[in-house]
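The values are calculated or read from the model by the stated rules, or taken from the named source; none is laboratory data. All of these numbers come straight from a predicted model, not from anything done at the bench. Here the Cβ is made from the backbone with ideal geometry for all residues, glycine too, and neighbour counts use every protein chain on show. Just the protein is used for accessible areas: all its heavy atoms, side chains included, with ligands, DNA and RNA removed. Shrake-Rupley method; radii C 1.70, N 1.55, O 1.52, S 1.80 Å.
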Amino acid sequence: MRLILRFGGIAILVAAIVILAVLPFATSFVEQWSRRDVELRSRLVFSTARDQVVELLAHNDSAQVEKLFERIATDERVLAIGYCEGQQLRFQTKNMPSFFSCAQAAQSDGESSFTIREQGGNTLISAFPLNVNGRAGHLVVLHDMSFVERRGTQARSSILLALAGVALGAAALVATIALLIMRRWVASIRQAMENARTGTPTPSVDEDLPAIGKEIHDVLQELDATRRTIEAAHTDWNPETLRATLSNELSGSEVIVVSNREPYIHNRTEDGIVLQIPASGLVAALEPVTRACGGTWIAHGSGTADRESVDAYDRVAVPPDNPSYTLRRVWLTEEEQEGYYYGAANEGLWPLCHIAFVRPAFRESDWRMYRAVNEKFAEAVVAEAKREDPVILVQDYHFALLPRMIRERLPRATIVTFWHIPWPNAETFGICPWREEIVDGLLGSSILGFHTQAHCNHFLDAVDTYVESRIDRERDSVTYGGEETLIRPYPISIEWPPTALAGQKSIEECRHAVRQRLGLPPDMRIGVGIERFDYTKGIIDRMQVIDNLFTEYPEWKGRFVFVQVAAPTRSKLASYRQLQEEAEALARDINTRHGTEGYEPIKLLIRHHGPDQVFELFRAADICVVSSLHDGMNLVAKEFVAARDDESGVLILSAFAGASRELSEALIVNPYNAHAMGEAFNRALTMPPEEQRERMRLMRDQVRERNVYRWAGQMLLAASRLRKRLRIRRLIAAGRRRASANA
Ligand code: F6P
């Protein structure tokens, strides 16, 4: 009501200003118009009487002149008439006012007219030149102008009344319109709030009504989503909170994951087709996330029975026992695998990014294949995308060129790329012949993630050194070719609680089972190392430490066994084959020198272990050693912590694995320092249970809280914020375009 009164008041105020502005003009118009009217009448009097007056004056017939003058002066407006000869008033009517003098009339030779204000009223005097017998004179006609003032006052009153009426009418009209609009707005807001509450989509609104209802509906939904997301960020991240984040923040969005390694491999064996989960940190992290989010995962179909297991579109629903997403397999020829996977990715980029003192090999033919395979995956992404703006999660160093290729094909996609291995410093990166192309390719991403801030900084330095771009160090973003890419650290993690933990027996049972399987006595202390047979993992250095341990701490001989599980990997490459041969020879040598009948200090198990077996080993161990020479994150360390729900066991962790930034309660070691490593082994084997518990609890809290759902959630939240910002930018740009088209 107050708003309506305000609208009416404003209308009245505007009308009052108009009246005040108009009134003086109206009065002066009436005065000028009346004066012109009287002047006209004076001229009429003069032209009617002139000849007669001249004739009578020529005969000096004063009686007739005065008679004529009196007759003309009978007109009610004519006050008096006179005849001036020079400055002398020779003839006049009786009521000629005393203030009149011929001096003013004689001032002009021609016709003149002027006003005299006397006795409270105005008198208009019109003087007309006459020539009588060669003598110059003026016929003067005096008009009483007091009627003009009366007429002006009347006009003012009438205009005032009319405008006041109009103002009141306008105020009433404005108030009524405001009332009607307010009613529609209120109804629209009520409906929008109701729709937001019930989750009903708000239909598009009339063009003539401001889109307030839709706006409020959107804002409420966004507030609600943000509230739920903030709540989720402060509670546990799990599949449900991740799903909720996805549906609140990226509602209706399509998620596509792209990686080289597939999460499920179908292999043909003597027992038929067997499903294998590969030894891959990437798969361990991403599989539970994709299970929670749904969508499509595009990967290289590398299993011997993969082709038999897909449908006509190369798709298979996974996980096989409870499908929740689609695995789309891409087939690569032997030649493609040679050039792209073994060559460019694993002989070029892998050693380039890891400081493990293995020289990278850069072959142009490999790079051509790498480019071609990236193109192949880009086509697969386009084929799988059902919308023009999917969220695409590109994984790892196999696809440095893919983000740009997708951006060119799907400009509205949100591309989140994650680089799972370290990023070297700019100088080291500079030896790569494809450095500009790699940076260009990655900057096709909307968001580019690394495990640590240090890797982000190295990448920004590489951008700074090798391409023309604008780097915003405060926002950690790069603007390149007009497009912005955010560079962010997202420390990868594992699912919590791990699926593999669910089927595990008690710690005692696991210890017993493992000891039995490996032929170890019940009091044998066990250390484990579990990884792919990769030179970055520091397996050789670790074995040498065990060798030293028996020299420096001989009391452990016969009482400690180190179980080294090494899954064969990239065995086509000479560097990997040599590593395996060297490790096998070293283990034999150590076992010969330090072993006894029935005692082998190193058990080297070169075969793939599934997650259940891995977790059983973790639970049976006293210590777990992760002594990578260089590692992006290393999820083995986190899995060991997750497996130890008894809060015992000690983790020895390399300072050069990303995980050491988070798991600072581990015994952090330099894998190149054999002496210090030996001390760490001894310390771990003698650590009191209480200290083990303290450390393990803190590490478990860390892994529980910063689990892989949080890792994915943080990236999806960043993607959602980016999409909202881009949506607003697009709306503003569209508005500008419309405005300039209408101009
Ligand atoms: O560390 C990089 C990475 O892609 C990991 O994510 C994964 O554990 C490993 O390499 C797998 O290597 P590949 O797929 O070559 O066996």
>> Could you tell me how many of the residues in the range 50-97 are of a type in the set (S, T, N, Q), touching an Asp or Glu at 6+ places or on another chain (Cβ under 9 Å) and in a loop (DSSP other than H, G, I, E, B)?
In response: 1
> Among the residues of the range 492-510 satisfying the criterion of being without any contact (Cβ under 8 Å) to a residue 40 or more places away in the chain and assigned to a helix (DSSP H, G or I), which is surrounded by the most Cβ atoms within 10 Å (Cβ to Cβ)?
Replying inline: Glu509
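Is it true that Ser664 is among the polar types (S, T, N, Q), surrounded by fewer than 22 Cβ atoms within 10 Å (Cβ to Cβ) and in contact (Cβ under 8 Å) with a residue 24 or more places away in the chain?
Spelling it out, it is not the case that Ser664 is among the polar types (S, T, N, Q), surrounded by fewer than 22 Cβ atoms within 10 Å (Cβ to Cβ) and in contact (Cβ under 8 Å) with a residue 24 or more places away in the chain.
Give the residue, chosen from Leu23, Leu40, Leu44, Leu57, that is within 30 Å of Ser98 (Cβ to Cβ), of a type in the set (A, V, I, L, M, F, W, C) and open to solvent by less than 70 Å² (accessible area, probe 1.4 Å).
Just one listed residue meets the conditions, Leu57.
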> Cβ-Cβ below 6 Å, separation at least six or inter-chain, first residue in the range 521-538 and polar (S, T, N, Q), second modelled with pLDDT of 95 or more: which pairs?
Replying inline: Thr536/His354; Thr536/Ala356; Thr536/Ser628; Thr536/Leu629; Thr536/His630
>> I'd like to check something: does the range 511-521 contain any residue that is at pLDDT 95 or above, more than 16 Å from the ligand (Cβ to nearest atom), open to solvent by 40 Å² or more (accessible area, probe 1.4 Å) and assigned to a loop (DSSP other than H, G, I, E, B)?
In response: yes
>> Suppose the filter is open to solvent by less than 10 Å² (accessible area, probe 1.4 Å) and out of contact with any Lys or Arg (no Cβ under 9 Å at 6 or more places or on another chain); does Ala583 pass it?
In response: yes
>> For the condition at positive phi and at pLDDT 95 or above, what is the one hit in Asn670, Asn634, Asn591?
In response: Asn634
> Within the range 323-331, can one find any residue that is surrounded by fewer than 22 Cβ atoms within 10 Å (Cβ to Cβ), assigned by TED's automatic domain parsing to the domain that holds Leu275, without any contact (Cβ under 8 Å) to a residue 24 or more places away in the chain and more than 20 Å from Leu573 (Cα to Cα)?
Replying inline: yes
> Is there a residue being among the small types (Gly, Ala, Ser) and open to solvent by 60 Å² or more (accessible area, probe 1.4 Å) anywhere in the range 704-712?
Replying inline: no
> Looking at the range 524-542, is at least one residue assigned to a strand (DSSP E or B), closer than 30 Å to Arg721 by Cβ, open to solvent by less than 30 Å² (accessible area, probe 1.4 Å) and away from the ligand (no atom under 16 Å from the Cβ)?
Replying inline: no
>> One residue is enough: does the range 608-623 have a residue meeting the conditions buried (at least 18 other Cβ atoms within 10 Å of the Cβ), assigned to a loop (DSSP other than H, G, I, E, B) and modelled with pLDDT of 95 or more?
In response: yes
> So which residues in the range 328-349 are more than 15 Å from the ligand (Cβ to nearest atom) and in contact with a strand residue (DSSP E or B) (Cβ under 6 Å, 6 or more places away or on another chain)?
Replying inline: Arg328
> Pairs, please: C-beta under 6 Å, at least 6 apart or cross-chain, first residue open to solvent by less than 100 Å² (accessible area, probe 1.4 Å) and in the range 229-244, second modelled with pLDDT of 60 or more and among the charged types (D, E, K, R)?
Replying inline: Trp237/Arg710
>> Condition check: over 28 Å from Tyr709 (Cα atoms) and either free of Cβ contacts under 8 Å to residues at least 40 places away in the same chain or surrounded by fewer than 22 Cβ atoms within 10 Å (Cβ to Cβ) (or both). Does Tyr313 satisfy that?
In response: yes
> Do you know which residues across the range 688-702 are open to solvent by 10 Å² or more (accessible area, probe 1.4 Å) and hydrophobic (A, V, I, L, M, F, W, C)?
Replying inline: Leu698
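Tell me the helices (runs of 4 or more DSSP H) entirely within the range 335-445 that contain at least 1 residues that are open to solvent by less than 60 Å² (accessible area, probe 1.4 Å), among the aromatic types (Phe, Trp, Tyr) and modelled with pLDDT of 95 or more.
Of the helices (runs of 4 or more DSSP H) lying wholly inside the range 335-445, those with at least 1 residues that are open to solvent by less than 60 Å² (accessible area, probe 1.4 Å), among the aromatic types (Phe, Trp, Tyr) and modelled with pLDDT of 95 or more span 350-353, 364-384, 426-429.
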